[in-house]
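Here is the structure we will look at, set down as structure tokens.
The values are calculated or read from the model by the stated rules, or taken from the named source; none is laboratory data. A quick note: this is a predicted structure, and the numbers were derived from the prediction, not measured. Don't worry about glycine lacking a Cβ; one is built from the backbone with ideal geometry, like all the others, and counts go over all protein chains shown. Note: accessible area is taken over every heavy atom of the protein model, side chains too, but ligands, DNA and RNA are not part of it. Shrake-Rupley method; radii C 1.70, N 1.55, O 1.52, S 1.80 Å.
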Amino acid sequence: MGAPIERAAETLAGAREVVVLTGAGISVESGIPDFRSVGGLWERFDPFDYASRGAFERDPVRCWELFRELAEVVGSAAPNPAHFALAQWEARLDRMTVITQNIDGLHQAAGSRAVLEFHGGSRELVCIACGVRAASMGQAGVWPPTCGCGQVLKPDVVLFGDPIPLGVWGASLTALERCQGVVVIGTSAQVAPFSELPLFAAEQGIPVVEINLESTTLTALPTLLLQGPAGEVVPALVDALAGRSVGARP
Ligand code: NAD
């Protein structure tokens, strides 16, 4: 891994503004399973039966079998070395924007300041009938959590068929237009429109480094793949960057 890490560090060393795109893979070492890997959540929960807008409208109690499992595992998870390394790198840059598909809040818990939650977050619940919002924590032990109006509450996350939160798409494109380097970590890049963000960067000629256990559809782009677990590769990359004077704050 030494030589590829050094090549990636060389590619990113001059970047003062960086965008980091993350998926479920960055949180696997925090104990939160991803969706598509072997043993992932989709093996037991078909996305269209448990995680689509239509499924929630038809049978919200069934969807809560998945939401409950995720809420319990996310509630006891802590950031891992990949999340912490990104926060350390941010402190040396002019700007880092983390655009995450994850709903676990672990980037913020590790200290990252500019985090765009592309698929929402799990901290709040929302009523699709009357718009009332409630803190997820307040509902501990009550399954499924229900609004005063009688409707089962929905985690404030983007289900298949839901729109991307207002402002997040525009803010993501703005960050990508401004940056000089992109790092994509732990995503299979199969969920649009998030999967379009690395393509947009590559089209602008912005260097893209991918960190994943395996190659993905992005690997066909002019990206540099660092293959390995994010909890080891991200800290190694951030260490390699620290050793380069161009990337360090003057
Ligand atoms: P995915 O399950 O489709 O893909 C995960 C990717 O991460 C795979 O390419 C896998 O090879 C890689 N990976 C797994 N472990 C890794 C590790 N230790 N280091 C590096 N890479 C690793 O996930 P996705 O592309 O993010 O799309 C799934 C959707 O489900 C997203 O919307 C995501 O937010 C959501 N989801 C979120 C969480 C969470 O909040 N932690 C967990 C599961 C799913």
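Remark: relative contact order (the chain) = 27 percent; criterion is Cα-Cα distance under 8 angstrom and separation of 6 or more residues.
Can you sort Val183, Val38 by solvent-accessible area, 1.4 Å probe, largest first? Please list the in-between numbers first.
Numbers: Val183 5, Val38 145 Å².
Order by accessible area, largest first: Val38, Val183.
Given a 1.4 Å probe and heavy atoms of the protein chains only, how would you sort Asp94, Asp162, largest accessible area at the top?
On the way: Asp94 95, Asp162 25 Å².
So the residues, ranked largest to smallest area, are Asp94, Asp162.
On the basis of the beta-carbon distance and an R0 of 25 Å, Asp239 and Thr174 show a calculated FRET efficiency of 0.25. Summing charges over neighbours of Asn80, with a neighbour being any other residue whose Cβ is under 12 Å away from its Cβ, gives -3 when K and R count +1 and D and E count -1. In this structure the amide hydrogen of Val183, modeled in the peptide plane, comes within under 5 Å of the amide hydrogens of Val19, Val20, Leu21, Val209, none closer than 5 places in sequence on its chain.
Taking Lys and Arg as +1 and Asp and Glu as -1, the other residues whose beta-carbon sits under 10 Å from that of Thr97 total +1. Using alpha carbons only, the radius of gyration of the chain set against its Kirkwood radius gives Rg/Rh = 0.99. The distance between label points at Ala114 and Glu17 comes to 0.7 nm (points 7 Å beyond Cα on the Cα→Cβ vector). Label sites at Ile128 and Asp162, each approximated as a point 7 angstrom past Cα along Cα to Cβ, lie 0.9 nm apart. Measuring nothing but how far apart in sequence close Cα pairs (under 8 Å, 6+ apart) lie, relative to its length, the stretch 1-140 scores a relative contact order of 23 percent. Helical runs (DSSP H, four residues minimum) scored at -39500 (n - 2.57) apiece and divided by the length of the chain put the mean residue ellipticity at 222 nm at -9500 deg cm²/dmol. Phe35 contributes about 60 Å² of solvent-accessible surface, heavy atoms of the protein only, 1.4 Å probe. Near Ile5, once Lys and Arg are set to +1 and Asp and Glu to -1 for all other residues with Cβ below 15 Å from its Cβ, the sum equals -3. Placing pseudo-labels 7 Å out from each Cα toward the beta carbon at Phe200 and Phe48 gives an inter-label distance of 2.8 nm.
Subtracting the Cα-Cα distance of Arg92 and Glu6 from 0.36 nm times their residue separation leaves 29.1 nm of extension gain. Residues considered: Pro198, Pro81, Pro163. Largest GNM mean-square fluctuation over the chain, using C-alpha springs under 10 Å, is found at Pro163.
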